[in-house]
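Visitor: Here it is: the structure, laid out below.
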């Protein structure tokens with residue numbers, strides 16, 4: 001069954017802490033995103049932080065996923081209320097907010113997704129999110145269907161985690177291994193024992209607070225280990241890495257004779 005904006009079955013599954021397998025999408029193409037959707041992933045992360053996505057590339061990707069079982073999740077480039085507002089207006093209901101380092105930042109993230117008086121989201125009555133005005137009950141219904149996931153990827157985020165977890169409206173925690181390893185002094189080595197200890201600590205404290213926990217890895221053995229450890233939503237690869245690996249492997253299987261003299 002396809003994930004739909006309302007009701008948001010992805011949020012339901014996150015709150016129930018069901019296992020959800022996802023894939024990271026950075027190629028900014030509605031065609032590659034549609035292919036990912038056809039593969040049957042539970043969720044697909046459309047990245048705006050480290051990929052050149054914008055509203056004009058995201059809308060066709062949302063359209064490409066509308067008949068897929070894959071739930072679209074978007075990561076804006078920053079925890080910015082204007083960016084969040086625009087992503088909500090084009091139809092996203094699942095957001096992963098990067099680099100959260102305090103309860104105040106978590107509160108700002110949640111507030112940016114809520115209309116007043118619950119938050120600060122700007123009001124527009126004719127956007128893609130409400131079928132350009134045809135869904136008259138959208139504003140009354142949307143708050144209970146929004147999924148807000150927060151990314152912990154720094155020492156400050158780890159230190160503030162217990163307070164972040166108590167912020168109403170936070171549905172899940174996501175761990176960014178690359179930034180976390182850099183922040184802990186082990187750039188490029190997310191498998192370092194100190195990084196893995198921090199990941200385990202974030203996981204344990206988040207679970208104790210009743211929150212689902214997610215992570216990204218492109219290493220299959222690591223993905224299986226995280227799943228065995230009890231991570232609920234795991235991105236097991238990226239479209240960019242898959243494409244590069246497949247094309248590089250194909251080329252290497254067909255060597256040429258080399259350059260002509």
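Visitor: Is region 147-169 home to any residue that is in a loop (DSSP other than H, G, I, E, B) and within 26 Å of residue 61 (Cα to Cα)?
Guide: no
So that you can scan it fast, the table gives a plain yes or no per residue for (1) in contact with a helix residue (DSSP H, G or I) (Cβ under 7 Å, 6 or more places away or on another chain); (2) within 25 Å of residue 21 (Cα to Cα):
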{"site": "162", "(1), (2)": "yes, no"}
{"site": "180", "(1), (2)": "yes, yes"}
{"site": "191", "(1), (2)": "no, yes"}
{"site": "198", "(1), (2)": "yes, yes"}
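Visitor: So, residue 126, is that one touching a residue at least 60 places away in the same chain (Cβ under 8 Å), surrounded by fewer than 19 Cβ atoms within 10 Å (Cβ to Cβ) and touching a helix residue (DSSP H, G or I) at 6+ places or on another chain (Cβ under 7 Å) or not?
Guide: no
Residues checked against (1) within 20 Å of residue 172 (Cα to Cα); (2) crowded, with 20+ Cβ neighbours inside 10 Å; (3) modelled with pLDDT of 95 or more:
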site: 14; (1), (2), (3): yes, yes, yes
site: 38; (1), (2), (3): no, no, yes
site: 48; (1), (2), (3): yes, yes, yes
site: 53; (1), (2), (3): no, yes, yes
site: 60; (1), (2), (3): no, no, yes
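Per-residue answers, yes or no, for (1) under 20 Å from residue 144 (Cβ atoms); (2) in contact with a helix residue (DSSP H, G or I) (Cβ under 8 Å, 6 or more places away or on another chain):
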residue	(1), (2)
15	yes, no
22	no, no
47	no, no
70	no, yes
73	yes, yes
87	yes, yes
100	no, yes
113	yes, yes
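The values are calculated or read from the model by the stated rules, or taken from the named source; none is laboratory data. Note that this is a predicted model, so its numbers are computed, not measured. All Cβ positions, even for glycine, are placed from backbone atoms using ideal geometry, and neighbour counts span all protein chains on display.
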